[in-house]
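Report on the following structure.
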Amino acid sequence: MSEFTAPHSEEDFERNFSPIKPLMNRTEAYFESSRCLFCYDAPCVKACPTGIDIPLFIRQIHNGNEAGAAHTIYDSNYFGYTCGKVCPVEVLCEGACVYNLQEVKPLEIGRLQSYATSSAIRNEKLYFKAGEKKNKKIAVVGAGPAGISCACELRKEGFEVDVFEAKKIPSGLAVHGIAPYKITNQEVLNEVRYLEKQFGFRIYFESGLTSPDDFVKLGQNYDAVFIGFGLGGTSRLSIEGEDKKNCYGAVEFIEQLRQNHFRMQVPENVIVLGGGNTAMDAASECARMGATVVLAYRRAKEEMGAYEFEYDLAKAAGVKGLFQVAPVRITGNEKAEGVEFVRTRTYNGNLETMPGTEFTLPCEWVIKATGQMKQTGLLSGIKGIEADKKGCIVVHDTSCQTGNPKFFAAGDAVSGGEEVVNAVAAGKKAAAGIITYLNQASGK
Amino acid sequence: MADLKINLAGIKSPNPFWLASAPPTNSGYQVMKAFDAGWGGAVWKTLGVPVVNVSSRYGSVNYRDSRMSGFSNIELITDRPLKDNLREIEEVKKRFPENAVIASLMVETREEWHRIVKDVENAGADGVELNFGCPHGMCERGMGSAVGQEPKVLKTIVGWVKEAATVPVIVKLTPNISDITRPALAACEGGGDAISLINTIQSLVGVDINTFVPYPVVDGKSTNGGYCGPAVKPIAMNMLKNCAKHPGVNIPISGIGGIENWRDAVEFILLGATSVQVCTSVMHYGFGIIREMKAGLASYMDEKGFRTVDDFRGKALPNVMHWEDLNLQYKIVANINEEKCIGCQLCYTACEDGAHQAIGLSADMADRKPFIIEENCVGCNLCSLVCPVEECITMQRRDDGSKHITWKERTLAGDIPKTFDDPLAGGLHHFVPRPSDALEKKKPLHYAG
């Protein structure tokens, strides 16, 4: 039995997906911020991929300067609000808090960050504006955290920026790929709108850049191109029955759920295949939609790629873990009716299946959370761009420049899939690379 | 078992915890409730010609997550008719004969003093306390701290009271004076049976930075008030010590100022107080705090083997010296317990920016634990005070204890610096970095201007 009953209205949905990190009120923020020790050369700052001056903004909150706190945050991270809500703080800033070493609860840095930035967004505190106009145009492909961060930095310098987004709304996985109990669509979109207002970049939605030729043309029409288009659909498992009805990719499922909320019909029994954070999200979400969920992973629990707290969240929602089982085929006629598994073991460091241990678990849905496809093929017409073995775009470490000097890339398309905060940091780094490149080109 | 009973100049009380003359002792209702909760005594809200108060009377200093760590008021003495107070004193004494009721008094003329002393004695008060401390409102009318600041006037008034009083007379002193022992001595000379201190410190508790009006705001304006609460405790204890150590001040003392738990009370008693008076913490948390205070004091006494409060009263006084009598040979240095260190580096930055650059950081950035540079350490304690971990930084003795020489002794021997560039300057051979080194050091984000 699931811990949750299937939602039949938006209210039901909101109850089942109530935020795990609700916004603080002033009193809570005051008391929580008072606990910050103001460490010298603080470890939380070092643990933040965007290097936010965390002790400073917490001190600003405490002393009643929320606007200053938000400014400190946005100076380092344009997705300050979103990151406060969705960052895996347990393994980043909060995990680094010195209180952990004293067995005292670490500062709730993420929630304090969202608190400060929410007030800035709500009150439209504008900290940035576009720089003096420069006659160079940059195309940014993908309006996700990497692309938008890159666009903000470029606009600050006065460059013209056109952002091309395949979907109808901006912010990429921040809006399509994050579990709804972490952040709502509206919250993500509000932050992007707030940035748009300050920096004035243009976003072209449903841009239709779908062929290698489209990218060649971008290269011809712009002084530089930033590739931040992330990853594609869920990768194939290459097992029998994978194309049956009711066998979905996790990314596609999460995206549907985020848009359709209670209107999405999730059946009673769902099997989720995978052991990464996306698998945890998909499993948690199905459970919160009222389903009985089995999370099946090929290896041992300890070997899962997911963060421990993500698995804990899934378990708390009623998800059952099933380990050391590999899917053999999806059973059923037209529709998926179950998954046949075979047990596995790790022998001499290698995973091997144990023939004769096959068994079938019935279900109505199968969700594959087995990684996402790369979209590097779209760049096949661009001379010089290379991909690594996994299909990730190869870029220069510090400039994010690809093998083609005009093309820069960052975010999941380069990393293969990381956190929002990593994409923000990488997008900014790429912007710096682009600025250097363009300034050199114009002889500065 | 510890016996908490005390006797202050003839005023007996089941324990040393008294309510100070203040809003919590404004009425018989409150005093009865307090005695019922376990308070030993109560100094009634100051009686006199009833006043008219303003609305908006208190302001507070909130420090980080602590509310009212400092507290300021502009309330005056009682605004209730004397006869009502007398009737209630009588009722309280009837119901609680073992508890001490002391009437705080503030009037102007000799005749008024005589009459009010008789009145409160007839009502059953066990003693009187002369309010020579109130630093706002009343002093402008020549009473309160206006008296406490003029030892001669104070002595005269104590004399008037003694002409009429048969119960013990406590003289309450104002801290708004440069030498507290002068009014204390005047109280003795006037025949006072005890002193109590401190009353509130003249203060301006804060300013509303949007309206530019200080707190508390009375229709867009404000005035200075009297400051009390935990923040004033160190000032109170110093004045208590000054009086208790003065050979001329040979009457008992009731200690007041920021007391809110049993530890505070023990400290006051160790510095010579016989009873302690409490106000702000009761205004903050209510009478119920007495339970923790009594239980804490009793278990402390049991643990230390003190049977009565007298057994440890003043026990810290012999250990308070003049600066010139301290041992200049005593040498301690800081020690960091690496097991306990959590790597916040507060000790590093405190010593680096606020002391003697005697703490270093590892060149390995991953190792966040600072280390002590012993030869630079002057043993100031700062690092141990900022460290958030209990017992992580301790001060360890480095001299062998065989040498003892004081400033006074060195002065007598002529062994002290006398000129501006004297080679005997204490810090002369101590490490001081080059000024420009400050600019070359790598610093974290928030040091960037």
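How many residues, within region B:93-112, are farther than 12 Å from residue B:125 by Cα and loosely packed, with under 14 Cβ neighbours inside 10 Å?
3
Quick test for you: out of A:53, A:12, pick the one residue that is of a type in the set (D, E, K, R), more than 14 Å from chain B (Cβ to nearest Cβ) and either more than 18 Å from residue A:183 (Cα to Cα) or open to solvent by 20 Å² or more (accessible area, probe 1.4 Å) (or both). Selected residue: A:12, the only one of A:53, A:12 that is of a type in the set (D, E, K, R), more than 14 Å from chain B (Cβ to nearest Cβ) and either more than 18 Å from residue A:183 (Cα to Cα) or open to solvent by 20 Å² or more (accessible area, probe 1.4 Å) (or both). Taking region A:33-50 as the range and being under 24 Å from residue B:347 (Cβ atoms), in contact with an Asp or Glu (Cβ under 8 Å, 6 or more places away or on another chain) and more than 7 Å from chain B (Cβ to nearest Cβ) as the test, the residues that pass are A:35, A:44. Considering each residue of region B:207-223 in turn, at least one proves to be among the polar types (S, T, N, Q) and open to solvent by less than 50 Å² (accessible area, probe 1.4 Å).
Answer yes if at least one residue in region A:314-337 is surrounded by 21 or more Cβ atoms within 10 Å (Cβ to Cβ) and part of a helix (DSSP H, G or I), and no otherwise. Checking region A:314-337: at least one residue is surrounded by 21 or more Cβ atoms within 10 Å (Cβ to Cβ) and part of a helix (DSSP H, G or I).
For region B:118-137, the set of residues classified as in a loop (DSSP other than H, G, I, E, B), in contact with a Leu (Cβ under 6 Å, 6 or more places away or on another chain) and surrounded by fewer than 24 Cβ atoms within 10 Å (Cβ to Cβ) consists of B:137 only. Of the set (1) crowded, with 22+ Cβ neighbours inside 10 Å; (2) touching an Asp or Glu at 6+ places or on another chain (Cβ under 6 Å), all apply to residue B:331 but (1). In this structure, is residue B:91 of a type outside the set (Lys, Arg) and in a helix (DSSP H, G or I)? The answer is yes for residue B:91. What about residue A:67, is it assigned to a helix (DSSP H, G or I), surrounded by fewer than 21 Cβ atoms within 10 Å (Cβ to Cβ) and either at the interface with another protein chain (Cβ under 9 Å from one of its Cβ atoms) or not β-branched (Val, Ile, Thr) (or both)? The answer is yes for residue A:67. Within region A:241-266, residues that are without any contact (Cβ under 8 Å) to a residue 40 or more places away in the chain reach partners that are hydroxyl-bearing (Ser, Thr, Tyr) with beta carbons closer than 7 Å, at six or more positions or on different chains, in the pairs A:252/A:234. Of the residues A:103, A:94, the single one that is at pLDDT below 95 and either more than 18 Å from residue B:447 (Cβ to Cβ) or within 11 Å of another protein chain (Cβ to nearest Cβ) (or both) is A:103.
Residue selection: residue A:253 satisfies the criterion of being surrounded by 14 or more Cβ atoms within 10 Å (Cβ to Cβ), outside any strand (DSSP E or B) and in contact with a helix residue (DSSP H, G or I) (Cβ under 7 Å, 6 or more places away or on another chain).
Condition check for residue A:377 on (1) open to solvent by 20 Å² or more (accessible area, probe 1.4 Å); (2) part of a strand (DSSP E or B): one failure, at (2). Residue pairs whose Cβ atoms lie under 6 Å apart, separated by 6 or more positions or on different chains, with the first residue in region B:340-351 and facing chain A (nearest Cβ under 7 Å) and the second surrounded by 22 or more Cβ atoms within 10 Å (Cβ to Cβ) and hydrophobic (A, V, I, L, M, F, W, C), are B:342/A:98; B:343/A:98; B:344/A:39; B:344/A:98; B:345/A:39; B:348/B:359.
Tell me whether region A:268-279 contains one or more residues that are among the acidic types (Asp, Glu) and part of a helix (DSSP H, G or I).
Scanning region A:268-279, I find no residue that is among the acidic types (Asp, Glu) and part of a helix (DSSP H, G or I), so the answer is no.
Restricted to region B:33-71, and to residues there that are in contact with a Leu (Cβ under 8 Å, 6 or more places away or on another chain) and among the small types (Gly, Ala, Ser), the residue that is farthest from residue B:286 (Cα to Cα) is B:48.
Please indicate, with yes or no, whether at least one residue in region A:97-114 is closer than 24 Å to residue A:411 by Cβ, assigned to a loop (DSSP other than H, G, I, E, B) and either touching a Phe, Trp or Tyr at 6+ places or on another chain (Cβ under 9 Å) or not polar (S, T, N, Q) (or both). Scanning region A:97-114, I find no residue that is closer than 24 Å to residue A:411 by Cβ, assigned to a loop (DSSP other than H, G, I, E, B) and either touching a Phe, Trp or Tyr at 6+ places or on another chain (Cβ under 9 Å) or not polar (S, T, N, Q) (or both), so the answer is no.
Right, residue A:178: at negative phi and in contact with a Phe, Trp or Tyr (Cβ under 9 Å, 6 or more places away or on another chain) or not? Answer is no for this residue. Among the candidates B:377, B:392, the residue that is open to solvent by less than 60 Å² (accessible area, probe 1.4 Å) and within 13 Å of chain A (Cβ to nearest Cβ) is uniquely B:392. For region B:156-187, a tally of residues being open to solvent by 30 Å² or more (accessible area, probe 1.4 Å), assigned to a helix (DSSP H, G or I) and closer than 30 Å to residue B:123 by Cβ returns 4.
So that you can scan it fast, the table gives a plain yes or no per residue for (1) surrounded by 24 or more Cβ atoms within 10 Å (Cβ to Cβ); (2) touching a helix residue (DSSP H, G or I) at 6+ places or on another chain (Cβ under 7 Å); (3) under 28 Å from residue A:177 (Cα atoms):
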position	(1), (2), (3)
A:78	yes, yes, yes
A:85	yes, yes, yes
A:88	no, no, yes
A:93	yes, yes, yes
A:106	no, yes, yes
A:114	yes, yes, yes
A:123	no, no, yes
A:132	no, no, no
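The values are calculated or read from the model by the stated rules, or taken from the named source; none is laboratory data. Keep in mind that this is a model prediction, so the values were computed, not measured. Ideal geometry is used to build each Cβ from the backbone, glycine not excepted, and the neighbour counts take in all protein chains shown. We work out accessible area using only protein heavy atoms, side chains counted, and drop any ligands, DNA or RNA first. Shrake-Rupley method; radii C 1.70, N 1.55, O 1.52, S 1.80 Å.
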